[in-house]
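Data block below; observations after.
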Amino acid sequence: MPESEVVIVGVGIHPFGRHEGLSGLEQGAIAAQAALADAGCAWPDIDVAYGGSVASGAADSLVSILGLTGVPFVNVANGCATGGSSLMAAFDALRSRQCDLGLVVGFDKHPRGAFNADPALLGLPDWYAEAGMMLTTQFFGMKLRRYMHDFGITEDALARVAAKAFRNGERNPNAWRRKPITEEEIRNSFVIADPLTQYMFCAPAEGAVALVVARAESAPAGSRPVTLRSAVLASRRHGTFEVFSPSLSSTRAPSPSVFAAQGALEMAGVSVSEIDVAQIQDTESGAEIMHMAETGLCADGDQEALIMSGATEVDGSLPVNTDGGCLANGEPIGASGLRQIHENVVQLRGDAGERQVPGEPRVALSHVYGAPGISACTVITA
Amino acid sequence: MPDTRFIDPSIATWPGEAARLLGGRCDGCAVVTFPAPKGCPACGGGDVSQVELDPVGTVWTYTVQGFPPPAPPYLGPASPDTFRPFAVAYVDLGSVLVEGPVLGDPSSVRIDDPVRVVFPVLGQDQDGNDVVAFAFEPIEEGSHA
Ligand SMILES: [Zn+2]
């Protein structure tokens, strides 16, 4: 029997930001119920579920809110790729015809301030933190500084990327940061890790996203499916430049993002020139710039002209992070990757309102990247 | 009585004028890693030999740490009164790129700057001991490495 086509038939989101008095799990339940309503089905119709959070407990506890239907519910824990890994698992279960209708959910609620890391849990020596090097922000600053040196990216482009994020956030009712910030304010804000300033970094946050996925033959009547063409995960190889590395190899290797994006495009059978809209990991401004090239959307160094000419804006030739990305939404880790897919579905349906990419976009790429060197990419088509 | 100790004796030959950082070289594929790994990250080989790293190299990339790192665990000056932004770099020592703080004015650090490894006092531990760590120091034009 041939593989089944897999479609996304419902999307739901609990707004990102800060929500006093609402747990991560409760936000997950709200997103799940919204996705079920959008798909035109009910929780008892779901015959497989995958979900995860990094800081807000076991996703399968959602059954106590959604209903005890006996559904097989798998908890997924894969750092920044938790959402992508959940979707990949559901994708495989559906296309191999093990199930008809699946729920994928991710949520999180992180404390304020930067993510703090314990060296022992990551296999690192104590001296690394004692000497003041166990800070993710240093990694972002250093990877970016070398990239700017090698490929002629300017600090003006870094500020432009952040300003775009907040402008797009202003037009996204589910975003956290919805006030435009000028490039001058962004450049002049506190320098966290040169060349990156405070407004060029995303912050830990709260939020939840859920998707209802189906075999094409099982899509609920009246739902508005988009096709899930691929979901691909890659981890780092020797020679990549990753966070929390006391040393780097003297020979460089391509980032896991390169392999995840190539794999996702190949599996989808689309070429990068066909991508109409892309959501890519923008933990900070420079990450969006570097990931544009790592995902193959442009060549190394071409970002400067693309960004400064407006190509990556919502109405440009290569719209990137149309919902404001991590910069405007914050990063609830378990939900962040699914937020990208939510936005791509909304864009392909033509439902994005003020931030709608013009010209009926048909092919969308999403890309997450995170510690300690993992990337997940998906392609969906209208 | 308070003493002076090295932050981790397994990563350098400190004390001494000619102290060196210690890495590990894979017996199979010759890839060098710092600190010495239990197994080779390049080929998965289990036989890694200790190797002294070159004390001189060039800045491969850098950033400036703009806020005090969380203390503890950070042992350096971390109060609003004592903290000063400092540069952190990956330094190309030929066989491997090593991450470490760079002494001096952080705004003057640039890619390709020549630097050498040094062993300054980082701060004090809970028992009042001076803790020595490694760092990189710019090599001035015309001076001898
Ligand atoms: Zn080896």
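Among the residues of region A:41-68 satisfying the criterion of being of a type in the set (Gly, Ala, Ser), open to solvent by 10 Å² or more (accessible area, probe 1.4 Å) and not in a helix (DSSP H, G or I), which is farthest from residue A:323 (Cα to Cα)?
Restricting to residues being of a type in the set (Gly, Ala, Ser), open to solvent by 10 Å² or more (accessible area, probe 1.4 Å) and not in a helix (DSSP H, G or I), the top hit is A:67.
Does any residue of region A:152-169 turn out to be within 14 Å of chain B (Cβ to nearest Cβ), over 23 Å from the mean Cα position of the chain (by Cα) and open to solvent by 70 Å² or more (accessible area, probe 1.4 Å)?
yes
Does residue A:310 satisfy the condition of being on the phi > 0 side of the Ramachandran plot and over 11 Å from the mean Cα position of the chain (by Cα)?
Taking the combined requirement at face value, the residue satisfies it.
Restricting attention to strands (runs of 3 or more DSSP E) lying wholly within region B:20-128, give those where 1 or more residues are within 16 Å of the ligand (Cβ to nearest atom).
Result: B:22-26, B:48-52, B:96-102.
On the basis of being within 9 Å of chain B (Cβ to nearest Cβ) and under 25 Å from residue A:277 (Cα atoms), does residue A:128 make the cut?
No.
Just to be sure I understand, how many residues within region A:164-202 are in contact (Cβ under 8 Å) with a residue 40 or more places away in the chain and outside any helix (DSSP H, G or I)?
Going through region A:164-202 one residue at a time, the tally reaches 15.
Tell me whether region A:21-40 contains one or more residues that are in a loop (DSSP other than H, G, I, E, B) and surrounded by 18 or more Cβ atoms within 10 Å (Cβ to Cβ).
no
Tell me the residue from B:66, B:57 that is on the phi < 0 side of the Ramachandran plot, more than 7 Å from chain A (Cβ to nearest Cβ) and at pLDDT 95 or above, please.
So the residue among B:66, B:57 that is on the phi < 0 side of the Ramachandran plot, more than 7 Å from chain A (Cβ to nearest Cβ) and at pLDDT 95 or above is B:57.
The values are calculated or read from the model by the stated rules, or taken from the named source; none is laboratory data. Everything quoted here is computed from the prediction, not taken from an experiment. Glycine gets a Cβ as well: all are built from the backbone with ideal geometry, and neighbour counts include every protein chain shown. Ligands, DNA and RNA are stripped out before the accessible areas are found, and what is left, the full protein with its side chains, is counted by its heavy atoms. Shrake-Rupley method; radii C 1.70, N 1.55, O 1.52, S 1.80 Å.
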